[in-house]
Amino acid sequence: MKYSIFSLARAALSGHKNWQRTWRDATPKDRYDVVIIGGGGHGLATAWFLASEFGIKNVAVLEKGWIGSGNAGRNTTIIRSNYGLPGNTGFYELSMKLWERMEQDLNYNAMVSQRGVINLYHSDAQRDAYARRGNTMRINGIDAELLDLAAVKKMMPFLNFDNARFPVQGGLLQRRGGTARHDAVVWGYAHAASELGVDIIQNCEVTGFVRDANGKVTGVETSRGRIGAGKVGMAVAGSSSRVAAMAGLRLPIESHVLQAFVSEAIKPLIPNVMTFGAGHFYVSQSDKGGLVFGGDIDGYNSYAQRGNMPVMEDVCEGGMALIPMIGRVRLLRQWGGIMDMSMDGSPIIDKAPVDGLYLNAGWCYGGFKATPGSGFVFAHLLARDESHKEAARFRLDRFRTGAMIDEKGQGAQPNLH
Amino acid sequence: MRIVCPFCGERELGEFTYLGDAKPVRPVAGAPEDEVFDYVYLRDNIAGVMEENWYHGGGCRAWLKVTRNTLTHEISLVEPAAGAGARHVVK
Ligand SMILES: Cc1cc2nc3c(=O)[nH]c(=O)nc-3n(C[C@H](O)[C@H](O)[C@H](O)COP(=O)(O)OP(=O)(O)OC[C@H]3O[C@@H](n4cnc5c(N)ncnc54)[C@H](O)[C@@H]3O)c2cc1C
Ligand SMILES: [Zn+2]
């Protein structure tokens, strides 16, 4: 089905009772050319790119719960391409360009909103670091502007500019950054992939790998039976170590919980996405009016999808330091998701050391913005057996060879990335 | 989450800092590269009961070994980590 102003008008005239389902809930076949484990944004995007760009349509996406029940439906929806290191800079810009055409590509309204992302700086050293990052972006053809205090005051007059300890001095702005509606991204990829014949299979948990005499992966065992596969790609985010362990692999990854918060709805206040540079607090405002905000990961290993009070307190303190007036707004909801924190803070998109298995993991707290890019380069790897050039550095063996992509320079301590 | 420190009693989580899985043991100097790589970068990343190192920075400043379920956050045992503090605890 094609969505358009006409389909909307037609459906409206029949009282919205005759909408077709957005995508087909499939039952598993015996075998597929490619099986993707994980029906989050990355798994579904991969399936769509396989079918639309690489001509591989006999594809299944296996999801243990419902699609979007993992981090794809739990994140704070920020998209941006303001990374500073080779490997990341080009990849995230590839992803940003795909965001800019996603809705036309998928025929689905994902509410992509390029409202701008601004990182505030509070010291001379931080300004210099941001200037350097902005220059790196511009050299790579990505938009970046360094704003001084006057420009920030004009844009966000409601910030606390009298903070003696952490004075706002300016900010690094990427105007093309912004937000997108996370659930719609999941449904949009499901819609478009399903239209091209991809089977999306829910309530289908992968419980093991089928291997041939040479150890090659030839399928998966699932809660809905055995499914054969030419190739298997895993895109299971916070469950990466658990699924990889079924193939006998140990990954350079720890699973940690990240929380998100939404306030009651208020009138339009926050014009963009902004981050407080002196603590860890970031905020945007949803179209419903709620302030959507977050901060650091909790800092201990967790698969519980919920966090604890110290981070809540810390995030709210950060918010109060930057925008004192939000102290009057009540917190409405809060939840957590499980992050696949890699040892250098950057992702892994590579062939596994097991034949027939492909890895897409290590997204930390930043994989939503990567959704289209990750789907594209992972589909490229699955289809052609070679890395896309913008993903060539996301190798699994970089931890052994020393070619880390450590944007924060924290070393192998995942709770600090 | 609250942690019952063997030295200080029950305290809120904010007083503690997390290091991680207590299982990896630092290889001896001159150990083969594979062992060092494994120690620094690879993790079991257990979904279930795990022994971990925590630091009570907001209290006695001792290192603790905490047995905790990563699926539920339930803590079943807190002991002083091997080292100086351990001998002060009356069992
Ligand atoms: C609170 C929070 C805020 C965030 N904010 C941002 C942000 O602002 N910007 C940003 O870029 N990123 C953000 N992220 C990170 C981002 O959400 C993730 O990196 C990204 O969603 C991960 O990719 P995914 O969508 O494919 O993961 P998921 O949606 O988690 O998909 C993985 C799927 O695999 C399934 N699965 C697991 N095991 C199995 C199995 N054995 N068999 C079958 N299926 C299985 C899971 O059920 C899940 O649906 C945030 C994350 C959280 C939790
Ligand atoms: Zn103590």
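The values are calculated or read from the model by the stated rules, or taken from the named source; none is laboratory data. Please read these numbers as outputs of a predicted model, since none were measured by experiment. As a convention, Cβ positions derive from the backbone with ideal geometry for all residues, glycine included, and neighbour counts pool all protein chains shown. These accessible areas exclude ligands, DNA and RNA; they are computed on the full protein's heavy atoms, side chains included. Shrake-Rupley method; radii C 1.70, N 1.55, O 1.52, S 1.80 Å.
Of the trypsin sites (Lys or Arg not before Pro) in the range A:163-219, the ones in a loop by DSSP (not H, G, I, E or B) with at most 16 other beta carbons within 10 Å are A:Arg165, A:Arg175, A:Lys216. Going by accessible surface with a 1.4 Å probe and the largest first, A:Val217, A:Val210 read A:Val210, A:Val217.
Please report the net charge: other residues with Cβ closer than 14 Å to the Cβ of A:Asn308, K and R +1, D and E -1. Residues near A:Asn308 contribute -3 overall. Okay, helix-only estimate at 222 nm for chain B: each DSSP H run of n ≥ 4 adds -39500 (n - 2.57), divide by all residues, round to 500 deg cm²/dmol; what do you get? Computed ellipticity for chain B at 222 nm equals -3000 deg cm²/dmol. Mean sequence separation of contacting Cα pairs (under 8 Å, at least six apart), scaled by the length of chain B, corresponds to a relative contact order of 28 percent. Based on the Kirkwood radius over alpha-carbon pairs, what value in µm²/s does the Stokes-Einstein equation return for the translational diffusion coefficient of the range A:5-121 at 10 °C and 1.306 mPa s? So the translational diffusion coefficient is about 92 µm²/s.
Subtracting the Cα-Cα distance of B:Asp44 and B:Ala82 from their residue separation scaled by 0.36 nm leaves 11.5 nm.
Peptide A:295-308 shows a mean partner chain C-beta count of 5 within 10 Å per residue C-beta. Per residue, chain A reaches -8500 deg cm²/dmol at 222 nm when only DSSP H runs of four or more residues are counted, each adding -39500 (n - 2.57).
Relative contact order for the range A:130-276: 14 percent, from Cα pairs under 8 Å spaced at least 6 residues apart, divided by residue count.
Please compute the average number of Cβ atoms from other chains found within 10 Å of each residue's Cβ in peptide B:66-76. Kindly include the intermediate steps, with their values, before the conclusion.
Working: counts 1, 0, 3, 3, 10, 4, 4, 9, 1, 0, 0.
Going residue by residue through B:66-76 and averaging, the value is 3.
The charge dipole of the range B:1-65, taken about its Cα centre with unit charges on the Cβ atoms of Lys, Arg (+1), Asp and Glu (-1) only, comes to about 340 debye. Largest GNM mean-square fluctuation across B:Ala81, B:Ala47, B:Ala62, computed for chain B with C-alpha springs under 10 Å, falls on B:Ala47.
Given their separation in residues at 0.36 nm each and the Cα-Cα distance between them, A:Lys267 and A:Gln104 gain 55.7 nm when the chain is fully extended. Computed from the C-beta positions of A:Asp397 and A:Met1, the FRET efficiency with R₀ = 35 Å rounds to 0.20. When the alpha carbon coordinates of the range A:72-226 are projected onto the principal axes, the ranges are 64, 37, 30 Å, largest first. Relative to the Cα centre, the charge distribution of the range A:38-102, modelled as +1 at Lys and Arg Cβ and -1 at Asp and Glu Cβ, gives a dipole magnitude of about 100 debye. Assuming charge only on the beta carbon of Lys and Arg (+1) and of Asp and Glu (-1), the dipole of the protein assembly as shown about its Cα centre is about 1020 debye to the nearest 20.
With no solvent and one equal point scatterer placed on each C-alpha of the range A:288-417, evaluate the Debye formula and give log10 I(q)/I(0) for q = 0.11, 0.17 Å⁻¹, two decimals. Per q value, in the given order, log10 I(q)/I(0) is -0.52, -0.98. Highest mean first, the peptides A:272-283, A:249-260, A:38-49 sorted by other C-beta atoms within 10 Å per residue fall in the order A:38-49, A:249-260, A:272-283. Taking 45 Å as R0, compute the FRET efficiency from the Cβ-Cβ separation of A:Arg384 and A:Arg165 and round it to 0.05. It comes to 0.30.
Suppose the chain between A:Ala150 and A:Arg328 were pulled fully straight at 0.36 nm per residue; how much longer would it get relative to their current alpha carbon spacing? Display every interim value, and only then the final one.
On the way: separation 178, 0.36 × 178 = 64.08 nm, distance 2.66 nm.
61.4 nm is the gain from fully extending A:Ala150 to A:Arg328.
Over chain A, what is the percentage of antiparallel beta bridges among all DSSP beta bridges, to the nearest 5?
Rounded to the nearest five, the antiparallel share is 70 percent.
Legend: residue pairs A:Lys154/A:Lys288; A:Lys17/A:Lys267; A:Lys153/A:Lys408; A:Lys153/A:Lys389, Cα-Cα distance threshold 30 Å; pairs beyond threshold, A:Lys17/A:Lys267; A:Lys153/A:Lys389. Computed over chain B, the range of Cα coordinates on each principal axis works out to 42, 31, 23 Å, biggest value leading. Computed on the Cα atoms alone, the convex hull of the protein assembly as shown gives a volume of 176 cubic angstrom per residue.
Projecting each Cα onto the charge dipole of chain B (Lys/Arg +1, Asp/Glu -1 at the beta carbon, about the Cα centre), which of B:Ala31, B:Ala47, B:Leu64 comes out farthest on the positive side? After comparing all options, I get B:Leu64. Remark: the range A:22-37, residue by residue, has Karplus-estimated 3J(HN,Hα) of 5, 8, 8, 7, 8, 9, x, 8, 5, 8, 9, 5, 9, 10, 9, 8 Hz, where x stands for each Gly or Pro and the curve is 6.51 cos²θ - 1.76 cosθ + 1.60 at θ = phi - 60°. Ranked by the mean number of other Cβ atoms within 10 Å per residue, highest first, peptides A:236-245, A:96-105, A:403-412 order as A:236-245, A:96-105, A:403-412.
If I take every Cα pair under 8 Å that is 6 or more residues apart in chain A, average their sequence separation and divide by the length, what percent do I get for the relative contact order?
22
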